[in-house]
Amino acid sequence: MPNTLHDLQKPAQAQAGRPVTANAWNVIVDGVNGLLDYLLTTEASAVRVAIANTGIRLDTVRVTAVPKDASGVAADAIAPVPPGVQFTFPGLKPGGYTISAIAPGFAVASQEVTVPAAAVVNLTLTPNGAFMPGVFGAQLPQALSVLADAGITVDQILDAAGNSVPPKNVGVDYGESLVIAQMPQPGDVVLSAGGTAQLVVAASLKVEATVEVPSLIGLTEAEARKALEALGLRLGKVEQRMRTIIAK
């Protein structure tokens, strides 16, 4: 039996109408057996890594293995294919390794492992920032409360007309304004050191007081002015027009 796949003899192609010799058949059998041995050996030496964090996006996580004796280079684990959740190193050489996992918004998590390792390596990532919640469509005071609870500072708010709104004192004019844009986007990392967010809200809707203008027909200018001032109105420009009637 060959020791490795490299030791296998490559079979010659058969010609039509000629029988397969025993030697050629044995080459095929040796190749299949060698492949099975390789797969079994690889499976036995595989190292599996599970990320213990709940709700983390596994597609943002990178898992590496670095030999402790510095005799080799770092290897990247194969990411899981949903619904799988474990990262896999298919065939690490026996020895000591440092298995590490890193993801945006988290500190590096590491563990020393000796290969072959039968048990799954469990790593827990520690957050070093916050993740931007979705506040689109929320009223501004509510959005600010959600962001404050997440430890995120809002350093700039603009309304749809480009007016600046003080984040610490939005006032009654913007009490019902809805958030129509946010930066960063939902799920993005906001670093704990100097990380801030920006919001855009709908323009303030100011309700102006209205009064009903009374009929001024038949009043003199002085009378009309007095009637309007009593309602808080001011008489503007007055135009006098004369109509001439020509009898024929």
Residue set Gly129, Gly151, Gly137, Gly105; condition within 11 Å of Val179 (Cβ to Cβ) and of a type outside the set (A, V, I, L, M); output residue Gly137
Can you tell me which residues in the stretch 78-105 are touching a residue at least 24 places away in the same chain (Cβ under 8 Å), in contact with a Leu (Cβ under 9 Å, 6 or more places away or on another chain) and within 30 Å of Pro186 (Cβ to Cβ)? Val85, Phe87, Ser100, Ala101, Ile102, Ala103, Gly105
Can you tell me which of Ala46, Ala50 is of a type in the set (A, V, I, L, M) and at pLDDT 85 or above? Ala50
Take Ala109 and tell me if it is within 30 Å of Val47 (Cα to Cα) and free of Cβ contacts under 8 Å to residues at least 12 places away in the same chain. no
Check off (1) surrounded by 14 or more Cβ atoms within 10 Å (Cβ to Cβ); (2) within 20 Å of the chain's Cα centre (by Cα); (3) outside the structural domain of Val154 (by TED's automatic domain parsing); (4) of a type outside the set (Asp, Glu) for Val115 and give me the number that stays unchecked. (2)
Name the pairs: first residue in the stretch 208-231 and closer than 30 Å to Asp173 by Cα, second residue among the β-branched types (Val, Ile, Thr), Cβ to Cβ under 9 Å, at least 6 apart or on different chains? Leu228/Val213; Leu231/Val211; Leu231/Val213
Restricting the stretch 140-176 to residues that are farther than 16 Å from Ala197 by Cα and touching a residue at least 24 places away in the same chain (Cβ under 8 Å), the one surrounded by the fewest Cβ atoms within 10 Å (Cβ to Cβ) turns out to be Ala161
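The values are calculated or read from the model by the stated rules, or taken from the named source; none is laboratory data. Quick caveat, the model's predicted, so the values are computed rather than measured. Positions of Cβ are generated from backbone atoms using ideal geometry, with glycine treated the same way; all protein chains shown enter the neighbour counts.
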